[in-house]
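Below: the structure, in structure tokens.
The values are calculated or read from the model by the stated rules, or taken from the named source; none is laboratory data. It should be emphasised that the depicted structure is a prediction, and the values quoted were computed from it without experimental measurement. Positions of Cβ are generated from backbone atoms using ideal geometry, with glycine treated the same way; all protein chains shown enter the neighbour counts.
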Amino acid sequence: MGINIYYYYPILVTIPLMPGTFLRQIISIISSFLTSELFLAI
């Protein structure tokens, strides 16, 4: 559990400091990463 918290903590901290366009870029990167993970799982 602690590993998950330490893994997501920097993301939760840096998201409010980012401008909107960069935030959308990060969201697209995360979504593409999740879709690639799903394809690898298949």
Task: Pick from region 1-11, criterion among the aliphatic types (A, V, I, L, M) and exposed (fewer than 10 other Cβ atoms within 10 Å of the Cβ), ranking: modelled with the highest pLDDT - done: ILE5
Task: Residues (at pLDDT 75 or above and surrounded by 10 or more Cβ atoms within 10 Å (Cβ to Cβ)) located in region 12-22 - done: PHE22
